[in-house]
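The values are calculated or read from the model by the stated rules, or taken from the named source; none is laboratory data. Small disclaimer: the values here were computed from a predicted structure and weren't measured. Reconstructed Cβ throughout: ideal geometry from the backbone, glycine too, with neighbour counts over all protein chains shown. These accessible areas exclude ligands, DNA and RNA; they are computed on the full protein's heavy atoms, side chains included. Shrake-Rupley method; radii C 1.70, N 1.55, O 1.52, S 1.80 Å.
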Amino acid sequence: MTGAGCIEQVHHMRGRLILLCGLCAVLILFIVSCTGQEKAAPEETPESLEETVKQYIRDNTIKTALSAAVFNGTNSFSVNTGYTSTSGKKMNDDSTLHYLYSITKTVVGAVMLDQIQKGNLSLDTPVSSILDIPKGEYINTDATVRELLTHTSGIEDYVDNARLFYANPFRTKVWDPFLLLDFVEHPAVDRGSFMYSSTNFLLLGCMLERKTGIQLNILISDFLNTAGVTGMYLSPQDTIDYSRISHPHVYPGTTLSLTGDGITPIDITTVISDAVCLIGKSGWAAGGMVSTAAATARWGYNLYSDKGTVDSHIRECIYGSVSKFSDPSEPAYGYGVRKIFYKNTVFIGSYGRSIGSENLMFYNPDTDTCFVILTSSNTDRNKKPDIDDLLYKLYEVVLNGNEEK
C-alpha cells in the first residue's frame, strides 16, 4: 500500500489512527527503497561487508579510490572510498566511473557469442575471412574466433610494448584501432598454446564491426539493453564525461619510476595530462569499458547466474569453455573469462589490470553472488595488498551469512 493510498483510506478517522497508518506507510516505503536501490545491502550482514572493506583499506593504507560491490540478484551492497584524484582531492562516490580494463573482455566475448548464435560468425571463422590484414610474421591471420577468445592464437600482446605509453599514436592521429596493431613487436608463435594477449580482443572488436557494419559500442549497448543492464559504456566510441572517471595512480618504485615519498600514490594524469582519454583509445575492445562497481556487479550476475538475464545458451557456452579446468595451477581461461579456485569453491569472471589500477569481477555459483572490486592504484606495493584477499573475505562474509539462515 502506498502512502497516498493509506492516507486516502483513513482521512476521515481520528488523528491517532491517521498517525498510525502514516507511520506504517513510511515503513513500507522505507523497505521498498532499501530493496530497490544500488545501496540496498544483501541480507548477509551488510555491516560485516562494509567493515571488511574498511578494514582492508586500513590494513593497507589505501588512499586512492576503491569501490566494492556485492550482488545476489535481489539485494546489493556497494561502498566507495578514497580519492579518485589525489592531486585534486576529489572523492570517490556512487557516480564515479572506473575503467574496467580486461573485464571489458567479458562483455565483448558475450557479444561475440551472441553474434555467433545469430549466425553472423562462428567459432571457426578465421581472421583473414573478415579483416584485410597483410600477411606477416606478427599476426596469425588464420587464427580463429575460438582462438582469439581463448588467447590461443599465438599473437603477441600490443600492450606489452612500452612505446604505447610514451609514443601513443592517438596524441597526434585520429583514433583507429588498427593503428594499435603496429605495437605488436614480437613475431607470432604457433597457435594452440595459451598466451594472454589483448591483441586478440582488439581483432575480435574489428571483426564484429566489419561483419555487422555496426560500431562495437552500439552492438554492446543493444546487447546490454536486451539483458536489462545499464550504466556501462565503451570508450572512446560512447559519449562519456571523462571527468567522472577515476584517475590511475602509481606508487613510486613500483609500476612507474616516479619521484615521491614511496607511500603517497602519484596521480598519473599529473604526469601524462591526457592519460584518461588515451586509456580508452588504447584499450577499446580489450579494455575500454567504464562503469561503477554496482553496475558491474549486476552485469556479472546477469551473465553468469542461472537466474540472470543473459541468454542461457551464451551462459552455457561460457561455462563450457572453462569446464575442463580443475587444477588451480592451470591458466584457466575460456571465452573471455577466467576460472579461479578458493578452498572448495570456484569463481568465474575476470581481472582488469593496467598501470595504476587493479580490478576484478567474479561470480560464485555456490552463493549465487557476484563480487566486484575496482581500484585506482597499483596496490601491489611490495606485492601487498592482493585484491584477491578482499574478494575471499567478502565471500566468507556472504557464505557465513547464508549458513546462519
**Complete:** Those residues of the range 241-270 which are open to solvent by less than 60 Å² (accessible area, probe 1.4 Å), in a loop (DSSP other than H, G, I, E, B) and modelled with pLDDT of 80 or more amount to 246, 247, 248, 265
**Item:** Whichever residue in the range 332-349 is part of a loop (DSSP other than H, G, I, E, B) and within 9 Å of residue 322 (Cβ to Cβ) and, among such residues, is most open to solvent (accessible area, probe 1.4 Å)
**Value:** 335
**Some residue of the range 64-84 being more than 29 Å from residue 365 (Cβ to Cβ) and either without any contact (Cβ under 8 Å) to a residue 24 or more places away in the chain or open to solvent by 10 Å² or more (accessible area, probe 1.4 Å) (or both)** = yes
**Request:** Restrict the check to the range 293-303 and report whether at least one residue is under 18 Å from residue 114 (Cβ atoms) and part of a loop (DSSP other than H, G, I, E, B).
**Result:** no
**Prompt:** Which number in (1) assigned to a helix (DSSP H, G or I); (2) out of contact with any Cys (no Cβ under 9 Å at 6 or more places or on another chain) marks the one condition that residue 238 misses?
**Reply:** (1)
**Request:** Take the residues in the range 271-282 that are open to solvent by 10 Å² or more (accessible area, probe 1.4 Å) and not aliphatic (A, V, I, L, M), then tell me which one is farthest from residue 216 (Cα to Cα).
**Result:** 273
**Message:** Looking at the structure I just gave you, is residue 323 surrounded by fewer than 16 Cβ atoms within 10 Å (Cβ to Cβ) and either under 20 Å from residue 245 (Cα atoms) or among the acidic types (Asp, Glu) (or both)?
**Reply:** no
**Asked** Only one of (1) modelled with pLDDT under 95; (2) touching a helix residue (DSSP H, G or I) at 6+ places or on another chain (Cβ under 6 Å); (3) open to solvent by 10 Å² or more (accessible area, probe 1.4 Å) is not met by residue 161, so which one is it?
**Response** (3)
**Options 201, 194; residue that is of a type in the set (A, V, I, L, M, F, W, C), open to solvent by 70 Å² or more (accessible area, probe 1.4 Å) and closer than 26 Å to residue 303 by Cα** = 194
**Message:** Can you confirm whether residue 94 is acidic (Asp, Glu), surrounded by fewer than 24 Cβ atoms within 10 Å (Cβ to Cβ) and closer than 18 Å to residue 233 by Cβ?
**Reply:** yes
**Any hit, the range 290-310, residues being of a type in the set (Ser, Thr, Tyr), more than 19 Å from residue 95 (Cα to Cα) and touching a Ser or Thr at 6+ places or on another chain (Cβ under 7 Å)** = no
**Asked** touching a strand residue (DSSP E or B) at 6+ places or on another chain (Cβ under 6 Å) and of a type in the set (Asp, Glu), is that true of residue 267?
**Response** yes
**Complete:** Going through the range 97-149 in order, the residues found to be among the charged types (D, E, K, R), open to solvent by 20 Å² or more (accessible area, probe 1.4 Å) and in contact (Cβ under 8 Å) with a residue 12 or more places away in the chain are 114, 124, 137, 142, 146, 147
**Asked** With (1) part of a helix (DSSP H, G or I); (2) closer than 17 Å to residue 227 by Cβ; (3) out of contact with any strand residue (DSSP E or B) (no Cβ under 8 Å at 6 or more places or on another chain); (4) of a type outside the set (A, V, I, L, M) as the list, and residue 321 as the residue in question, which single condition is left unmet?
**Response** (2)
